[in-house]
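Readers should treat all values here as calculations from the given coordinates under stated rules, not as data from a laboratory. These numbers come from a predicted model, not from an experiment. When we count neighbours, we look across all protein chains shown, and the Cβ atoms used for this are built from the backbone with ideal geometry, even at glycine.
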Amino acid sequence: MAPPAISWAWVIKMLFAHESQQTAPNHRAEPVEIWKARKFIEEHSGEELSLRRVAKAVNISPNHLSEKFKQVTGINFVEYVARTRFENACDLLRNPNLRISEIAFATGFQSLSQFNRVFKRISRKSPSQYRDELSGRGKS
């Protein structure tokens, strides 16, 4: 188990970065359109995001974005958006005054059940279990 000072969001972010480095081609720099797409996703992750909307924002076709995104990051667009929202949710779960349903919608999930499903798939814990561990109430 990770020391309490290390958040699960940080661990997931590091694993995600390592996974992306291993699966991405050995290019010196990330293509500009993918960098712009990732930046757009991060800035708008609490909103409804579609491949079409992000592609339009970076001025390329949705098909090209989809193919290039997977090639460069090692994961598909939908998974990247889910992980970005998950990381944001992990940060918000540190605030015990926010309800889990508020966090789910604030981070861009369309329903509480979708949030719970994605959160559990990525962290192998429910949002409540994650929060309990943050507060020291979780099982060791």
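How charged is the neighbourhood of LYS39? Take every other residue with its Cβ under 12 Å from the Cβ of LYS39, and add Lys/Arg as +1 and Asp/Glu as -1.
My count for the surroundings of LYS39 gives -2.
Just to be sure I understand the model, the point goes 7 Å from the Cα along the line to the Cβ. What's the resulting ASP91 to ARG137 distance in nm?
Label at ASP91, label at ARG137, 2.4 nm between them.
By the scheme Lys and Arg +1, Asp and Glu -1, what is the net charge of all other residues having a beta-carbon under 15 Å from that of LEU49?
Result for the neighbourhood of LEU49: +2.
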